[in-house]
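Okay, structure first, notes after.
The values are calculated or read from the model by the stated rules, or taken from the named source; none is laboratory data. Being a predicted model, the structure only gives us computed values, none of them experimental. Backbone-built Cβ (ideal geometry, glycine too); neighbour counts: all protein chains shown. The area values use the complete protein model at the heavy-atom level, side chains included, leaving out ligands, DNA and RNA. Shrake-Rupley method; radii C 1.70, N 1.55, O 1.52, S 1.80 Å.
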Amino acid sequence: MAKQTFLNLPEEKKENIINALKKEFSRAALKDALVSNIVKDAKIPRGSFYQYFDNKDDAFDFFVEESSKKIKECVIKRISKVSGE
């Protein structure tokens, strides 16, 4: 999971990194994904990546969990809208 240093970042910077993770993990399977592409797209130093995540697998796990949370939120909003709550 993401380290505290990542969690302490401003929301805009976190979203920028999450978008870079999304782009890379959408482009390639986990085994073929490259940290170099993530840091390039996020415009962060490679060392910062490792201050935020232990490794690429850790970043992927974080990305999947965050994506799942967003999907769940959308589903709950849809259900509430449809049921009139």
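Share of the chain's accessible area from carbon and sulfur, percent, 1.4 Å?
Working: 3200 of 5840 Å².
Summing carbon and sulfur atoms, their accessible area is 55 percent of the total for the chain.
Per residue, the solvent-accessible area of region 5-65 (1.4 Å probe, heavy atoms of protein chains only, all protein chains present) comes to 58 Å². Of the residues Ala59, Ser83, Ser36, the one whose Cα sits farthest towards the positive end of the charge dipole of the chain is Ser83 (charges of +1 on Lys and Arg Cβ, -1 on Asp and Glu Cβ, taken about the Cα centre).
Is there a quick way to get the dipole size of the chain? I mean about its Cα centre, with the Cβ of Lys and Arg at +1 and of Asp and Glu at -1; what is the value in debye to the nearest 20? Present the calculation step by step, with values, prior to reporting the outcome.
Numbers: 17 positive and 14 negative charges, 53 e Å.
Here the chain has a charge dipole of around 260 debye.
What would the Debye formula give as log10 I(q)/I(0) at q = 0.17, 0.21, 0.30 Å⁻¹ for the alpha-carbon point model of region 33-79, no solvent? Debye output, listed in q order: -0.57, -0.72, -1.05.
So what is the calculated 222 nm ellipticity per residue for the chain, using -39500 (n - 2.57) for each DSSP H run with n of 4 or more, over all residues, to the nearest 500 deg cm²/dmol? Don't jump to the answer; show the numbers that get you there.
Numbers: 5 runs with 64 residues, N = 85.
Rounded to the nearest 500, it is -24000 deg cm²/dmol.
Given q = 0.10, 0.15, 0.19 Å⁻¹, what are the Debye log10 I(q)/I(0) values for region 1-80, with equal point scatterers placed on the Cα positions and solvent ignored? The calculated log intensity ratios at q = 0.10, 0.15, 0.19 Å⁻¹ are -0.24, -0.51, -0.78.
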